[in-house]
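Colleague: Quick one: structure below, then a few questions.
The values are calculated or read from the model by the stated rules, or taken from the named source; none is laboratory data. Everything numeric here is computed off the predicted structure, so don't read it as measured data. Backbone-built Cβ (ideal geometry, glycine too); neighbour counts: all protein chains shown. In case anyone asks, the SASA skips ligands and DNA or RNA and just uses the protein heavy atoms, side chains included. Shrake-Rupley method; radii C 1.70, N 1.55, O 1.52, S 1.80 Å.
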Amino acid sequence: MNSISSAKTHLLPEAISELRDDIYELKFLYGKYRERLTLAGREINRAEKFIDRTVYAVAKTDLEHFINLYGEHISNLNKILKNAERKKASPEIYEELLKTKNGTNRLLRSQAAVSSAVIIQTDWQSPSFNYSLVSQAGRQTGKVSGTFNDYKRDVHLDEKEYEELFLKEYIDAGYKFLLKSFLTNSGQAAFQTILTYLTCEKKTSGRILIGESSYFQYKQILVKTFGDKLITVAETNTHEIIDKIITYSPSVVFFDSLCNSADLPVPDLRTLIEYIYKNIKKDIYIIIDNSCMAFGFQPFLLRRSNRNVHMMSFESLNKFYQFGLDRVTAGIIICENRDAGGIFEYRKHAGTNITDSSVFAMATPSRKLLQKRLFRHNRNALYLSKGISESVSGKQKSIIDDVLYPQLKGHPAYTFMKNAIFGGTFFNIGFKKRYDNPKYMKLAVDSIIKEAKIAGVDIVAGTSFGLNTTRIYLTSLWSKFGKPFFRISAGTEDIIQAERIKKVLQDSMVTP
């Protein structure tokens with residue numbers, strides 16, 4: 001079903017180059033997982049006398065199994081890459097690389113769940129810091145301090161390396177040493193940690209300003225928590241936002257860098273942040289949900305010298321940062337040192353810390369590789385959205401009224417997003433009035449999946465974004481704090497697969 005038509009053979013060199021990049025990515029991931037297993041083996045060897053003999057023997061066997069297995073996968077990927085490099089671009093080489101990418105990705109995400117558990121199998125969630133006869137700290141014996149890191153819900157040794165690497169690889173900022181990062185068990189947990197800190201420490205004594213298209217789940221919490229204290233603003237009206245800031249002097253402002261909502265607005269955060277740093281003379285917290293932009297937007301590059309202004313960002317790590325594996329839920333907070341102590345404490349009190357096994361299931365941070373993924377997501381999202389928009393333009397039979405993507409002409413943010421390095425990985429379909437309802441949107445999902453099955457094209461109906469396979473989803477269906485909308489989240493498919501997906505979507509977007 002994946003055979004390449006003669007019309008697409010001119011795309012073979014580009015598609016093969018992209019698939020080779022994807023396989024290099026998989027090789028890197030396997031290599032980093034293997035490094036972690038090897039390090040865990042050394043740690044267990046050092047702690048051998050503190051670990052039950054039977055447990056030690058099993059742990060060693062399990063670790064060696066995965067170290068050898070991952071080594072075999074790396075060798076196999078190297079052979080496939082060398083074979084592709086030696087031969088001229090052909091449909092056969094393309095099919096081999098495509099099969100390798102898809103199959104290896106599915107295998108890795110399955111194995112990563114097990115190998116992460118193997119690493120921590122000698123450890124305890126409440127490790128002992130001292131003992132009379134038998135240690136209960138496994139490979140971390142001698143590294144645990146009483147009342148500090150002896151309860152992993154509060155803090156643990158395993159999260160520190162990832163937090164530091166995330167900051168190093170993904171965050172751009174002047175004076176980066178003045179920033180700290182904190183893992184949480186989800187993006188929503190990251191938001192809740194920040195909110196708990198701000199409310200408990202009386203940082204929310206003034207008005208609270210929020211974008212009207214902010215993510216519906218945390219928008220609901222803010223509405224229910226602050227009631228009349230909450231000021232809602234349209235993200236697309238920068239002048240109105242500045243006027244509201246002048247009028248109400250809010251204590252906290254919440255914005256999404258790219259809104260996951262029906263109209264897909266993008267606030268002009270550069271202008272807003274620059275205004276706040278230049279003009280605000282009382283304490284204010286800028287809180288940015290960066291989940292939809294990842295390091296495509298770098299808020300901490302916009303910091304200026306104004307001690308009244310505090311900035312924090314948070315995001316879900318379920319999306320881009322797991323390189324399509326979608327293995328665990330996770331989130332992260334980036335804040336300034338002066339707020340780090342509070343975030344650290346309230347992450348403990350809110351019970352929002354990440355688990356140790358989740359850390360080891362996530363991919364090791366790599367700016368170089370993630371940037372390639374983001375560019376592919378961006379290319380596919382723009383390619384698909386533009387293709388659908390052009391195919392339905394002026395057609396009476398089409399069910400589509402509009403296609404919304406920040407880098408498409410006509411989007412309110414187009415002027416400052418058209419040359420951005422990343423415009424997001426999803427776009428929304430605005431249906432004509434007759435079809436703009438959840439009932440028909442569900443039928444549209446079914447129609448696309450049916451068409452994809454006939455065409456032999458892989459498309460998934462499911463939530464989230466930043467994954468390898470293009471997904472379609474009806475979002476905000478059950479919320480009173482967001483309008484239901486139809487979202488298409490582009491995957492990391494090569495250009496030939498993207499072309500096939502485009503055709504499926506075009507063929508599906510007509511009145512049934």
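Colleague: Tell me which DSSP H helices of the chain clear both cut-offs, 24 Å or more of axial length from alpha-carbon atoms and a mean Kyte-Doolittle hydropathy of at least 0.0.
Modeller: Helices meeting the criterion: 438-455.
Colleague: Is the C-alpha gyration tensor of the chain telling us rounded, prolate or oblate? Criteria: a/c under 1.5 is rounded; beyond that, a/b larger than b/c is prolate, otherwise oblate.
Modeller: It comes out oblate by the Cα gyration axes.
Colleague: Would you tally the net charge around ALA47, using a Cβ to Cβ cut-off of less than 13 Å, leaving ALA47 out, and scoring K and R as +1, D and E as -1?
Modeller: Cβ neighbours under 13 Å give a net charge of +3.
Colleague: All other residues with a Cβ under 10 Å from the Cβ of LEU167 taken together, and with Lys, Arg as +1 and Asp, Glu as -1, what is their net charge?
Modeller: Surrounding charge for LEU167 is 0.
Colleague: Give the accessible area for ILE501 in Å² (nearest 10); use a 1.4 Å probe, count only protein heavy atoms, and leave out ligands, DNA and RNA.
Modeller: Solvent-accessible area, nearest 10 Å²: 0 Å².
Colleague: Taking 7 Å along the Cα-to-C-beta vector as the label spot, tell me the ASP154-LYS368 distance in nanometres, rounded to one decimal.
Modeller: The answer from the label model is 4.0 nm.
Colleague: Can you tell me the accessible area per residue over the chain, all protein chains present, probe 1.4 angstrom, in square angstrom?
Modeller: 44
Colleague: Can you give the FRET efficiency to the nearest 0.05 for HIS239 and TYR24, using r as the Cβ-Cβ distance and R₀ = 60 Å?
Modeller: According to the calculation, E is roughly 0.80.
Colleague: Turning to a different aspect of this structure: Whenever you get a sec, compute what percent of the accessible area on the chain sits on carbon and sulfur atoms (1.4 Å probe).
Modeller: Carbon and sulfur: 51 percent of the exposed surface of the chain.
Colleague: Here's something else I'd like to know. Report the full-extension gain for the segment GLN121 to ASN45: residue separation times 0.36 nm, less the Cα-Cα distance, to one decimal in nm.
Modeller: Once the chain is fully extended between GLN121 and ASN45, it gains 26.0 nm.
Colleague: At 1.4 Å probe size, with no ligands or nucleic acids counted, give the accessible surface of SER251 in Å², nearest ten.
Modeller: 10
Colleague: Accessible area, 1.4 Å probe, largest first: how do ARG303, ARG434, ARG20 sort?
Modeller: ARG434, ARG20, ARG303
Colleague: Could you tally the net charge around PHE191, taking each other residue with its Cβ under 13 Å from the Cβ of PHE191, Lys/Arg +1 and Asp/Glu -1?
Modeller: Charge balance in the 13 Å sphere: -1.
Colleague: Extending each Cα 7 Å along its Cβ direction at GLU92 and SER132, get the distance between those two points in nm, one decimal.
Modeller: Each label point is offset 7 Å from its Cα along the Cβ direction, giving 7.3 nm.
Colleague: Once every DSSP H run of n ≥ 4 in the chain is given -39500 (n - 2.57) and the sum is divided by its residues, what mean residue ellipticity at 222 nm do you get, rounded to the nearest 500 deg cm²/dmol?
Modeller: -16000 deg cm²/dmol
Colleague: Just reorder HIS239, HIS349, HIS411 by solvent-accessible area, largest first, 1.4 Å probe, all chains present.
Modeller: HIS239, HIS349, HIS411
Colleague: Now, a different point. Could you check the simple spin-label distance between ARG434 and LYS168, using points 7 Å along Cα→Cβ, in nm with one decimal?
Modeller: 5.9
Colleague: Between GLU201 and GLN111, what FRET efficiency comes out of the Förster formula 1/(1 + (r/R0)^6) with R0 = 60 Å and r the beta carbon distance, rounded to 0.05?
Modeller: 0.90
Colleague: As an exercise, use a Förster radius of 41 Å and the Cβ-Cβ distance of HIS349 and HIS10 to find the FRET efficiency, rounded to the nearest 0.05.
Modeller: Taking R0 as 41 Å, the efficiency between HIS349 and HIS10 is 0.10.
Colleague: Taking all protein chains together and a probe of 1.4 Å, list TYR215, TYR94 from the most accessible to the least accessible.
Modeller: Order by accessible area, largest first: TYR215, TYR94.
Colleague: Tell me whether segment 350-436 comes out rounded, prolate or oblate; compute the Cα gyration tensor, take square roots of the eigenvalues as a ≥ b ≥ c, and use a/c under 1.5 as the rounded threshold.
Modeller: Prolate shape, in that a/c is at least 1.5 and a/b is the bigger ratio.
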